[in-house]
Amino acid sequence: MDAALDAMAPYGFPNKLVRTTVSQLLKVYGGKAGWVFIEDSAYTLLIDTLLQQQSNPSPEVFFSSHFRSIAYSPSNPLEQTQFSHNNLCAICVD
């Protein structure tokens, strides 16, 4: 948690908001195993979530509407991906 707080300090997010948001994200992403997703790409997920929460201050509403479809699978977190090679190639060609 300290690393996340340190990473968010230059952006001016309050520590309480960062702690609350990290806790919510950890619940969504399967507990302590969710740190991988939060720390990925220099805390991009955390920053995006914090910015979106500022425009919608109710965390319950935000998390229920934005993360409703996420299903965590400890064996393969990418298992739920809906894209296939053919779908992506079709998008690139168009």
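Would you check which residues across segment 13-53 are among the small types (Gly, Ala, Ser), closer than 13 Å to residue 3 by Cβ and free of Cβ contacts under 8 Å to residues at least 12 places away in the same chain and list them? So that I can check it myself, show each step before the final result.
Taking segment 13-53 and keeping what is among the small types (Gly, Ala, Ser), we get 23, 30-31, 33-34, 41-42.
When the remaining residues are screened for being closer than 13 Å to residue 3 by Cβ, the result is 42.
Selection gives nothing.
Does residue 23 meet the test of being modelled with pLDDT under 90 and not hydrophobic (A, V, I, L, M, F, W, C)? Even if it seems obvious, please write down each step before you answer.
Working: modelled with pLDDT under 90: no; not hydrophobic (A, V, I, L, M, F, W, C): yes.
No; evaluated as a whole, the condition is false for this residue.
Which residue, of 62, 37, 13, is surrounded by 12 or more Cβ atoms within 10 Å (Cβ to Cβ), at pLDDT 50 or above and not in a helix (DSSP H, G or I)? Break it down stepwise before answering.
On the way: 62 fails: not in a helix (DSSP H, G or I); 37 fails: not in a helix (DSSP H, G or I).
13 is the lone residue from the list that is surrounded by 12 or more Cβ atoms within 10 Å (Cβ to Cβ), at pLDDT 50 or above and not in a helix (DSSP H, G or I).
Just one of 29, 43 is at pLDDT 55 or above and on the phi < 0 side of the Ramachandran plot; which is it? Write out each step before concluding.
Working: 43 fails: on the phi < 0 side of the Ramachandran plot.
Checking each option against the conditions leaves just 29.
The values are calculated or read from the model by the stated rules, or taken from the named source; none is laboratory data. Keep in mind that what you see is a predicted model, and the values were worked out from it rather than measured. Don't worry about glycine lacking a Cβ; one is built from the backbone with ideal geometry, like all the others, and counts go over all protein chains shown.
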